[in-house]
Structures are given as C-alpha cells and as structure tokens.
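In what follows, a structure is listed as structure tokens, so that the remarks can point back to it.
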Amino acid sequence: MPQMSMIEAIRDAMDVKMGQDDDVVVYGEDVGYFGGVFRCTHGLQKKYGKHRVFDSPINESGIVGTAIGMGAYGLRPCIEIQFADYIYPAYDQIVSEAARLRYRSNKDFTAPITIRTPCGGGIFGGQTHSQSPESLFTHVSGVKTVIPSNPYDAKGLLIASIEDNDPVIFFEPKRLYNGPFDGHHDRPASNWSKHPLGDVPEGHYTVPIGKASVFSEGKDVTILTYGTMVFVAEAAKKETGIDAEIIDLRTLMPLDVDTIVESVKKTGRCMVLHEATLTSGFGAELSAQVQERCFYHLEAPVVRVCGFDTPYPHAQEWDYFPGPARVGRELKAMMEAV
Amino acid sequence: MPQMSMIEAIRDAMDVKMGQDDDVVVYGEDVGYFGGVFRCTHGLQKKYGKHRVFDSPINESGIVGTAIGMGAYGLRPCIEIQFADYIYPAYDQIVSEAARLRYRSNKDFTAPITIRTPCGGGIFGGQTHSQSPESLFTHVSGVKTVIPSNPYDAKGLLIASIEDNDPVIFFEPKRLYNGPFDGHHDRPASNWSKHPLGDVPEGHYTVPIGKASVFSEGKDVTILTYGTMVFVAEAAKKETGIDAEIIDLRTLMPLDVDTIVESVKKTGRCMVLHEATLTSGFGAELSAQVQERCFYHLEAPVVRVCGFDTPYPHAQEWDYFPGPARVGRELKAMMEAV
Amino acid sequence: AGSVRRPEIDCDAADMKELASTMVRVLNKDGEAVGPWAEGLDDDVLVQGLKNMIRVRAYDERMMTLQRQGKTSFYMKCTGEEAIAVGFRAAMQQGDMNFPTYRQQGLLLSTDYPVVDMICQILSNSRDPLKGRQLPIMYSSKEHGFFSISGNLGTQFIQAVGWAMASAIKGDTKIAAGWIGDGSTAETDFHAALVNASVYKPPVVLNIVNNQWAISSFRGIAGGDHATFAERALGYDFPALRVDGNDFLAVYAASKWAVERARRGFGPTLIEWVTYRVAPHSTSDDPSQYRPKEESSAWPLGDPILRLKNHLISRDLWSEERQTQTEAEYNDEIRAATKEAESYGVMGSGASPKDMFDDVYEVMPPHLREQRQKLGV
Amino acid sequence: AGSVRRPEIDCDAADMKELASTMVRVLNKDGEAVGPWAEGLDDDVLVQGLKNMIRVRAYDERMMTLQRQGKTSFYMKCTGEEAIAVGFRAAMQQGDMNFPTYRQQGLLLSTDYPVVDMICQILSNSRDPLKGRQLPIMYSSKEHGFFSISGNLGTQFIQAVGWAMASAIKGDTKIAAGWIGDGSTAETDFHAALVNASVYKPPVVLNIVNNQWAISSFRGIAGGDHATFAERALGYDFPALRVDGNDFLAVYAASKWAVERARRGFGPTLIEWVTYRVAPHSTSDDPSQYRPKEESSAWPLGDPILRLKNHLISRDLWSEERQTQTEAEYNDEIRAATKEAESYGVMGSGASPKDMFDDVYEVMPPHLREQRQKLGV
Amino acid sequence: KAKAPWKPGPSGAPRPEGEKPIASPAVRKRAMDAGVKLEYVYGTGPAGRITHEDLDDYISGNSAPAGGSSR
Ligand SMILES: Cc1ncc(C[n+]2csc(CCOP(=O)(O)OP(=O)(O)O)c2C)c(N)n1
Ligand SMILES: Cc1ncc(C[n+]2csc(CCOP(=O)(O)OP(=O)(O)O)c2C)c(N)n1
Ligand SMILES: [Mg+2]
Ligand SMILES: [Mg+2]
Ligand SMILES: [Mg+2]
C-alpha cells in the first residue's frame, strides 16, 4: 500500500474525486498554479486544467460565496481557506448562507461544498496562523465539522466530505501534515512514512462522517480528543502509564455519541482535550454531553485540558499548547479523584 | 423614580454618557436621523449633532472597523448592529481585530468600543431576525459579552460597557424591549411601566460587568439563564411550584462563577436555560463549569433547555422557543431524578 | 431620452465608460420611444410586460390588505419598481437563474409560478412550499429561476457570480443575474462580486436597484450621492449601464443587451436601475419619520405602469378599456388565489413543528432525531 | 516622466479622473526631475530619503541573515519597495497615524524608533516590546504613528478610515494613512474603506502598494490586469493617483499632495503605488515555483535606491563615496543593533509564559488568573 | 466494617457482577466521607443506581445481608 503524508493523502482524495466526477472543482488562494502554500493541491491544475483548479482573489467571502453559487448550479466545490485564522471574513457566507440554504428553501437549493482549511498551532505561526476555531462551526446548525488526525482518515474523510450533500468544514491540523506529533517539540520530528496510519489505499474509499474511532483502548479513563491532540494524548498515556482509552472523534458535528458514552460508562472518567481556547470551546459541549449521558457513571468530574483563554502567542507557543506534560499532570490528578 | 422601557433605558444610558464624555460617539444603520429601527437612539442626533450621532452605510464590517480606528484614536464608539443576525459580516473585525488589539500591541492600542445589537426571537422575525449568537463571542478571548434582562440593568450595564476599556458585545433581547415576557405569547403583553425593574434612576449609575444577580431565590434547583429566558424561568417556577433559584447571569464573559457555584452547591441541581441553539451554545460552557466546580454536590445531571439545533423557524417560532411549558416539564423531570 | 448610444454587444469595457454616468432612457416626455435603445423591441413583450406589471401591483395591494387584516405578519411592496424585475425577466430564458432581493417579486410573477403558492408562503400555512420556515416573501423556486432569498443583505450578489462561473466551467450558456439594493451595495459582498466578476468574467448580470432609499437612509449614505452606483464597475474592467428603471422600454432594452452579452461569452455587466421606492420599506416601517410625504407622492421618474400604458396606447397597442379590464382581471385572479391560499391557514397556522427538524441536513443526524422525539412531534 | 498634470489641492474628484489611469513619474530616463510634480521638492528630504532607503535595505538584509542563522523563524523583505514607505513618511507629520502592512518597515525606519526594539520584536526576546506575543515583523508603535500590524489582510484599511473620522469629529488636523497590497484589495474590507471614505470624506490617504504579486498570484487575480487599482476609486467620488512607486521623487510629491489635501479638509485620496516585489513573499516562500527568475532580476521599474542616487549625484547633492560610506554606516548600525538585540535572547528565548495571560483584558478576569495559577507562572 | 457484596433485588435492574457502581456524584461524596465503598452498596434506583436512601440503608444496616436472602 502506498505510504503518504497527510498532504499527499488530502491531495489524493481530491485527485480521486476529480477523476470520478466532473462536477468537482478546486480553488482558493494560491491553490491553482502554485498548488497551495502547503502544496495540498500541487499538480492538480496541470492534471485537470484551469477551469477546474484555479487561483482565487484574496477574498474569503468570495471563495465561499462563489462556491455556494456553484453548488446551487450543481457543482461540488472543494475550496481552500489558506489558514483557519482567515475564515472569519467568510463566516457570514458559511453561517447565514451555506448552512441555511437547504432548510430555508425546503431542499430546493443545497450547498454541497467542502471547505478545507489548515488549523492548529505548533509551527511557530503566531496568533494568526495557529487558531482552532472548530466550535464556532459546531454551533451552526446545517454545517458538518470534520477534523482528521492521520493520512488514512484524511483521505477517506475528505472523499466522504466531497460526496456529502451538506456543507462540510474540513479542518486539517497543519502540525500533522508531515508526520504524527506527540507534542514534544524539542524532539526530532517523525514522519508518516514510518507510521501505520500513513498506509493509504489507492483509489476510492471513504471514512464515514459522524463516526469516531477508538484510537487506543484503555479502561482507566476516556480521553475525548481530535486532530493534533490525539498523539499528544497517546504520549501522555505512555508517559504516565495510565490506561487511557483515547477516542479520536474525527467528526465533531454530527457527533458520535454512542462511542463516547460506551467508553465513559466503562471507564467512569473522562478528559476532554483540545488545542482551542477553553471557554466555549468544543470541549464544553463534550463535557456537557458526557455528564448528561453518563452522569451516574462518573467517578470524577469531566476535566477539560485546552488552550488558554488568550490569543495564541508566538514566543509562548509551547506554554500555550497543551502538551504531554500538562495532559499527564491532569491525567494523574483525575485518577486520584475518588 | 422615572419608569422606563428597556428602549428608553438604553437610550438614556447613551444620553448620559454622551453628555458626560465628548469622546462617546453613536452610529449604525438608520441610527442617526431616524433614531434606529427600534428607536433606541431616537433624539440623540438632534441633541448631540451629526458629528456624534450618525447613519452608517449598510456595512457591518465597516461599522466595527471604523469604530476600532476611532477607538485607537481615543474615542469611545457605541455602535449598533441592527440585528445580531447581521453581525457576521463584522465577525472578522471583532475577532481578529477588536479582541486582539490590546494583547498583540502590548496595550499600545486598545479598542474601547461597545457593540449594541438586538438578539433573540419572539417577534415572529424568522431565521434572520431572531438569533442569539452569544456563544460565538464567549469563545473569543478579548471581548466581553453582556446581556441585560430589564431596564435597570440595561442602563447600568450599558454605561459600564461604554466606560469599559475593552470591547463589549452588548446583546439586547428585543422581546424584552417593551415589557417583561414570561414566554406565554398567547397572553396579553405586559409593560415595563408596571414592573419594579422598570424603575430606572436618572443620571449616571453602573451595574458592574462580570456580576450575576440572583433574580429569584430558591433552594430546590438552580436555573442559570439570561436575557428573555429569565422571565420564562420565573413563569415556570410559578407554574410548577418548584422552588428554583433563578440566576440572571447578565454578563457571560467574564462569568460570575462564584454566584453560580454558591447556588448550585446549595441546591444540588442545575438547569441551564437559553434561547440559542443547544450544541456549543453558552449552556455547554455553563454545564461544563458547573460539573467541574460543583461535581460532588450534584444530585442529578445538569440539564440544558435550549433552542433546537435548527435555524430559527418562522411559523414554528413558539415550538422552537423554550417556553414555560417545556421548562416546567424539564424542571419536574430533574426534580424526580435521584 | 434617446441620447445615449448603444454599444456593440462585445464592446470593450474601456470603450463605453460614459454609460456608467449617463442614463439610458427610451421613452421621451411624450411617451414616444426614441434613440438607439428603442430599436428591435418586440411589441408583444411590451404588452405582456404591461400586463405583468399590473399583476405585480395587484398582488402587492392584495398582500398589504392581508397584512392589515392580521393574516400575515409582514409584507414588502415594490410599488414604482415593477418595470425592473418584469422587464429584466422578459430578457431571460428558461434555465437562467436570478439571485433576487425581497423586492423582486416581479421576477416570479412574470412566470407561471403558481401565485397560490406564493401567497401560501406569505401565510406560512400548510401548503407553504417552504414549510413555514422562512419569513413571508422569502420565496424560492429553482424551477422558475428564482434563488432562495436570504434575509442577509448582499450575500447573494457573489453567489450569482459563482453560479455563472459554474455555468461557464460546464460550457453551458445559462446566465445568472444578481440583484442588490442601493443601500446594500455598501455591503462587503458587493465588492466580492465585482472582484470575482472582474477576474473570471463569467456570464452574469449584476443588477443594482437604486430606489434612492435604504429604510431611512438616502442613497448618499451608500456613497451614491455624487458618484453613480454604475461607476463602481469602472475599476473592474467590465461594462456598466445606468438606466431609467421606470421606463419599461429602457429596462427591457438594457436587459436584453446585458443578457445577450453574457450569454455570448462577453462577460458580466453591472446595471444601475434608477428608480424610486414609493412604498414604505416594509409593513414594519413608517417613512413619514424620515422623508417628506411629498417626495413619494411626487413619484420621481413617474409611474412605470402609466408610462408604458401611455406609450402603448399612443401606438394603438393598448387602450384605456384594456387597461381597466386587465386590472380587474388580475384583481380577480389574485383575490381568488388569496381565498384559496387562506383556506390552507393564515399566520403560520398549519405549519407543523415536525417540519422544524427536517432538512437541516440531508439526513437527520441523531441529535436532531433525539430533540424531535423529546418534543414529541 | 513629467507628462501627468498636477491638479490643485482641492480639485474635484470628477475633474481629475484620468490620474487614476496614467502614471505620475518625476524622474526621466536620464535621472532628471521633470514635470509639474517635480516642483517644490525639498533637497534635504530627498537626501534624507536616500539615506533612509539605504537603512531599510541594510536592515532587511541583516534580518534575512538572522533568519538563515535560525535566530528568528520568519522575516519579510520589502526590497524594491523602499521608496514608497520612506517617501510617504517624509510627507507626514508627528501625530499622524499609519495603518501599515508587513511590508512597510520603511515607515518605522524613517523615524527615531529604536532599531534595537524592532529587532527584539523579531527575536521575540526578553526586550521584545510586544512581549513575544506577535509574529516577527508585526511591530506596533503609537508614538511613532505606526498602528499594530495585523496578520489578517485588509482589515486595517477600514480602521484607518475610522481613525481619520475620529480626527475629523474632534476637529483635529491629524491624518491617517491606510496601507494595503494589490492582492489584498480583493478583500472585502477594501470596499468597506472606500465606501466609508466616500460617505464621510475623512482625512485619510489610502495607499495600495501594487507590487504585482500576492504570494504566487499575479495582480490579475485581484482584477488588476486591465483596470488599474487606482481606478477602483472612480465610483466613490474621491480622487485617485497612480504613481511610479520606484521613483522616490514621484512618491514624495504625490504623498505631499494627498497628505496636504487630507489635512486641509478636502478629503481622502486613493493612491496606487506601482512597484515590484523583488524578494520572495517571505522567508517561507520560494518564488521560483511560480514566476520566472528573470522577472525579478530584471527589476521592473528599476531599483528605487539607484534611481534616486543617480538623480542626486547628477545634481551634485550626493556622490558614490557618500553612497559607499552611508551603506557602511547603516550596515554597522544595524549590525551593532542586532548584536545588542541578540544579547536579550533569540527565537523566543526570554519571552515569559506569564506575559501570555496579561493584556487580554485591561484587568485580568478571574478565569485567566485561575488558568495562570494552574500553569504555575 | 466492610459488608458483603450486594445482590440484585427486585426494584432495580440487575447490575452485573464486577461492574462499577452507579451513583450521583453527591451520593459518591457522601459515601466517600462516610468511608463506605459503593461496590458493596445495593442500588434500588433506575438501572441499579445507588440512591441516598440506599446509602442510608447501608449505613444503618438495613440493606440486604451477605449471601443475600430477600429484603
Ligand atoms: C446584513 C444585513 N444588514 C442589515 C439588514 C437590515 N436591513 C434590511 S433591508 C435594509 C435596507 C436595504 O436597502 P436597499 O439595499 O437600498 O434595498 P431596498 O429596501 O431599498 O430595496 C436593511 C438595512 C439586513 N437585512 N442584512
Ligand atoms: C485574510 C487573510 N487571507 C489570507 C492571508 C494569507 N496571506 C498572507 S500575505 C498574502 C498575500 C498578500 O499579497 P498582497 O496584498 O499583494 O501584499 P504583498 O505581500 O505583495 O505585499 C496572503 C494571501 C492573510 N494573511 N489574511
Ligand atoms: Mg467599552
Ligand atoms: Mg434602496
Ligand atoms: Mg502584492
């Protein structure tokens, strides 16, 4: 099986879908000739032509707005917002238009668009190249929110997103583009070519939207997480020796409640882990749901380990980032709770 | 003491501040000559002149963007977004600019602006005149979020917001503009002139940002709520006879954790009640915090009663709205939980 | 009237800049059709246009009555602006797509879209094609080339550009039309539309309906006092026309030009339709608070129905009797349709809470199923 | 050069439209200053301008070295564009405010802002005036008329308009200057700025630095291939100038005109500075992937430093020796400053985690205090 | 003073052998403060949940005895 980085897997997903379906078009800032600042669309314009893969003006509202129009026409745009930090100018088009279109028109019109965007920190990008705004979308009825943590899922989920008839916000944890990252920024980076999840089948396959995966089984505590933090959780598990069950949510909306509930009822403890700012982050929703659904099984409070309620600072990036040390400390503390 | 509607109290707050401080300016769509579609700025242009109270182009991003520039110059703009549903075009200016300015410039520049905007349903306004997007702001580090439920608080909080040196999003529950609303839309509307909270002192006073108020004491269950739902909670309390302690949060960010914790520790039960869409609504944050801080005092799961995860429908408005019947049902159910 | 030249259909934007500053007008003071834009206008289209305008006005009046009777919460009239939507629609073909604002009911009323359905939407009743989910007047009909109206201003101008890009990508000949009000040109998505139209040159006509007012704000608050709105296109390398929107012949002629230009692959056109909002902004509005009463009764630019009627009568294509008769016919049609529509309920009665949960997504996700079940519907 | 007229300072926008399409240039091929824009330029300003440009270039080169040495993660050069920021700053006064992009280091380097502080910001060290919170090069100095740079493109164009509105509201004579790149004119806030500038006519100069590229996208992707960016103002009733941004004399002359116009209350001006991005977009960029190498080595429009130098030498205001000496002086200055700055730490060393929690709000709210305490800092 | 394990009774659904006790955090806290291990407490609530009354019964010795004859 071919070994791919997440960048290659994402590119391959678009390649597969463009090959299968003439209605799939790909565009965004620097996406066409250059192939994207992270190279995710490299080579696609050459292969599919300038009509199907092209550069956009620096106008995020226009990127999404045109995609909605194209979707209404019958295309399936897969568009890129260069950084998730720059999705806000398009927020109105996403919230007021893409998300509402099917509902308000009683299915007369739909917006089957996929919005790819790199998220998360860990590349020393400062406040405006590091954000994780996923909870700003999970609150919006009508959009789906997906965030893969590895090449295999990335390809399968991206194909599923493009095929999905609802708008999907597809977050790509940029720290994982080239390799899994355990949160130890001071150690040598590793590479997807040496990881089993870098095995990516050729051709078409999907990973279903709305299904979490049990990344690592365990019985002491459930860690609900996604994206970059999956590997940080794994590192903390190893370092503390606490037998955590790590659930990679993969899709935040719709959420795979069954997998979560089953695990928490088994372990009786739950940590919610994400890189985004704590307050009103998606962890709040997870914590609320866990206590609603598993209340009588909880042996300790659901703990949230998250980014701090500050902008993502540049020099203090690794203080902000919830790394394995912080996660490990919290894990230990919650195991001591009785 | 003068009796004021919420509209009058809000207007009076601006009047008081404009009279005291030449740096306060007021503008927005239809705000100047006409005095606002809800008449909140009626008469201010006449009193303070076109340079301090004026009409804006229909460009929400520009309304906030110019306010940030004015704030950097040294003014204190108090601006209006005609409906909270139309704040999204300004979302980037709020999130990326107003919220970050003090931090990223190490206090060299600040954005002491107040953004007033009517929120909530109950006026048969359909999907785009009914939204409650507060949790999209509580996730944003650097802005404060305020939402009064009555004329007294509205005036005191608006004055405090204008005086605050940080950007404040000031939500005005439009269903309460003219009178308290218990959620029974089929009964005659009542009027602030007959309500003690319609007693509004003349001149300057503030209600502190960051302090909740215990709207109604009780010992069986704590209801955390704000805005329109305060009176719905009160109605459900009366109708069920359940001795609920109703906390009007008034400020969502920063949150008055102490008042919440004290109450929940006393009652052992907690309902979170808001009109906004459930998933990733501010109720998620409240629920998460309550179980983090009061876990061992909880006799039953924290329950969220919220708007459904759909757009705000027009004809089904009163099915969507979490009225006293639904709140009452949930209250009874949670009192039965053991 | 008649003084503005009519450029070739493939004229370079750079070679017709003055058309953004002048005004295309066909009917002169005596109701005669003059000048280059008067050529090649089909008489049948003009007569049908008059009828459609009469129909629109009958509809507006009737819906106002419904609102006054408390049978709907909300309505918005287009009085005085009828020529624009009706005339533009006459230049379009089946398959083309409009991205309208709330004041373009004329687009739909110029087609065979069932007027009963329109009224049912306004009444949010059991036959409302949008199941009560949308504010009255926010129609949607893909089949009739009428994109779902949004409550958010400006957003759809760029969507029209995207739809047209899609048509071009697929090698299709369908065109899109974007619609926006003078006040809403200030919205940032107006710029998104112009930039993308400039870069990709898709087959789209971008219509600005300049009715001088945006609720209480005069056009100057959108920057349209000394510059024209059509001039906004000058920096974007595609042509603009400025047209008397109360002159049906001018509307139809300019629409034909721009639609044909788009369809033949010569790219976008921006059109500023100069008109006047005679009615209040909506049934929630009271213009006496912000504009002199005389202004609207003076009816700047004249009543488009009267102007077309006089022209057609002067050419013996119409008569006072046909006018009276047509008005009566449409009044009857709309009255009957209203009666039928009311039989399915008024003011939201008949809308089902169950419908509230459908179509948020294509397939209802578990959390919505759970919420619906809990509500017991 | 010299062929474009210089309108009166209060010229009506409508009467100078062609200046949006032509190009103001003062230096001819022989390095002589010609035409109406050449008049009244102070020789001292020109000499100081040359020095400042040399300083900027020395700074850029040195910072690139720092980045290559791994002492900072990121840098952005303005090579070839030095004349614009330096020339514009020369026309401003103390108290005026710039809302710059990341390629306007020349604005700050033309003032007495301590260069050591600039470098400390780039190194995110213990003396970083922004406490390590911002990406390198995102300086801020209120005192020096340099608004905090944002990573989000376009947002500050409208803020500049707001600042200028405030100045007008207070009856002040200070002016604001907005800055934006050619690619970023596509952002919707560009339109917000133009609309608000049009409506309120505040004292602001809106600068578009058209360096032909936006990362990998040629200006055409922003709609600037057939129309000029200056022409964007034509629909907004305020004047635009299009200027050779590599001609320091033209830059200074045009800046003076627009700044004076604003200060005297005649309202905003849009200026398109035509230049060329010689350098890669940033240290994270590799332009060989998207543009021919020859293009940048051909240095379209010429090296602004060389052009000004030759002009000054031809007028005996400068010499090759002074050039060499000045280059050496600034290299020394910057080298020494760098050395000092490095002594406070490199690549974020010296930044304190405690500073992460401060200044999110004026007063730290309880939840942040709690978070900080939990982190133990 | 540990008591013998509980045995399912008629009022609560059976809690399988070896599965963790279920109880509200408030009950857990009381049990903890009283030094009672919930594993040994019989639950009469929904799905065998341990209620405050169950805990009272356990502490006062009224609950099902070891070996579990009927209550
Ligand atoms: C984004 C947004 N902002 C504000 C409003 C409120 N609003 C509704 S209509 C209107 C005026 C629009 O004026 P114009 O564009 O001239 O259209 P007209 O009503 O004259 O047809 C306003 C401000 C809105 N619907 N959406
Ligand atoms: C809102 C937003 N979208 C995208 C980006 C990513 N980005 C940074 S610089 C840049 C190119 C800007 O080009 P231009 O405006 O021409 O300025 P130049 O770099 O040429 O000076 C892009 C796309 C951003 N910073 N902000
Ligand atoms: Mg304030
Ligand atoms: Mg209008
Ligand atoms: Mg550029």
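Laboratory data are not the source of any read-out in this text; all were calculated from the coordinates shown. From a predicted model like this one, the values you see are computed outputs, not experimental measurements. Positions of Cβ are generated from backbone atoms using ideal geometry, with glycine treated the same way; all protein chains shown enter the neighbour counts.
Here are some notes:
- Taking a ≥ b ≥ c as the square roots of the eigenvalues of the Cα gyration tensor, an a/c ratio of 1.5 or more together with a/b no larger than b/c marks region B:15-111 as oblate.
- About its Cα centre, the dipole of the protein assembly as shown is roughly 2140 debye, where the only charges are +1 on Lys and Arg Cβ and -1 on Asp and Glu Cβ.
- Which of C:Ala1, C:Pro268, C:Ala164, positive extreme of dipole for chain C (C-beta unit charges): C:Ala164
- Over region C:7-131: Rg over Rh, Cα atoms, Kirkwood Rh: 1.05
- Cross-link partners of B:Lys238 among aspartates and glutamates (Cα-Cα below 16 Å; sequence separation of 8 or more within a chain): B:Asp182, B:Glu217, B:Asp220, B:Glu330
- Straight Cα distances below 14 angstrom link C:Lys29 to the aspartates and glutamates C:Asp244, C:Asp247, C:Asp303, with same-chain residues fewer than 8 positions distant left out.
- Only beta bridges with both residues in chain A are counted; by DSSP, about 15 percent of them are antiparallel.
- Efficiency of FRET between C:Glu294 and D:Asp15 - r from beta-carbon atoms, R0 45 angstrom, step 0.05: 0.85
- Think of chain A as having a plus end and a minus end, set by charges on the Cβ of Lys, Arg, Asp and Glu; of A:Tyr205, A:Thr259, A:Phe215, A:Tyr205 sits farthest toward the positive end of this dipole.
- Counted by neighbouring Cβ atoms within 10 Å, the residues A:Ile63, B:Ile87, D:Ile158 run from fewest to most as B:Ile87, A:Ile63, D:Ile158.
- Note on C:Glu362, C:Glu294, A:Glu245: ascending count of other Cβ atoms within 10 Å places them as C:Glu294, C:Glu362, A:Glu245, the fewest first.
- Over 23 Å (Cα to Cα) - which of A:Lys211/A:Lys266; D:Lys71/D:Lys339; A:Lys219/B:Lys265; B:Lys194/B:Lys265 fall in this group: A:Lys219/B:Lys265; B:Lys194/B:Lys265
- Relative contact order of region B:25-89, defined on C-alpha pairs under 8 angstrom at six or more residues apart (%): 40 percent
- Label-zone membership for region A:257-284, site A:Ala333, 7 angstrom Cα→C-beta point, backbone N under 13 Å: A:272
- Straight-line cross-link reach from C:Lys293 at under 12 Å between alpha-carbon atoms covers no aspartates and glutamates, not counting any fewer than eight positions away in the same chain.
- Prolate/oblate/rounded call for the protein assembly as shown, Cα gyration tensor, a/c under 1.5 rounded: oblate
- Ranking C:Leu46, C:Gln67, C:Cys78 by how far each Cα lies toward the positive end of the dipole of region C:24-91 (charges on Cβ) leaves C:Gln67 at the top.
- Summing Cβ point charges (Lys, Arg +1; Asp, Glu -1) relative to the Cα centre of chain B gives a dipole of roughly 200 debye.
- Relative to one another, the C-alpha centroids of region A:119-163 and region B:275-299 are positioned 25 Å apart.
- A Cβ-based charge dipole, computed about the Cα centre of region C:40-118 with Lys and Arg at +1 and Asp and Glu at -1, lands at about 480 debye.
- In this label model, D:Val47 and C:Ser314 are separated by 7.5 nm, measuring between points 7 Å along each Cα→Cβ vector.
- The same position B:Glu262 in the other copies lies at 4.6 nm from this copy, comparing label points 7 Å beyond Cα toward the beta-carbon, shortest first.
- In chain B, the longest principal axis of the Cα atoms and the axis of helix B:6-20 are about 40 degrees apart.
- The local environment of D:Gly151, defined by Cβ-Cβ distances under 11 Å, has a net charge of 0 under the rule Lys, Arg +1 and Asp, Glu -1.
- R0 of 45 Å, Cβ-Cβ distance B:Glu202-D:Leu375: FRET efficiency to nearest 0.05: 0.45
- Prolate/oblate/rounded call for region D:158-219, Cα gyration tensor, a/c under 1.5 rounded: prolate
- Out-of-range pairs (alpha-carbon distance over 25 Å; input C:Lys51/C:Lys131; B:Lys47/D:Lys170; D:Lys174/D:Lys201): C:Lys51/C:Lys131
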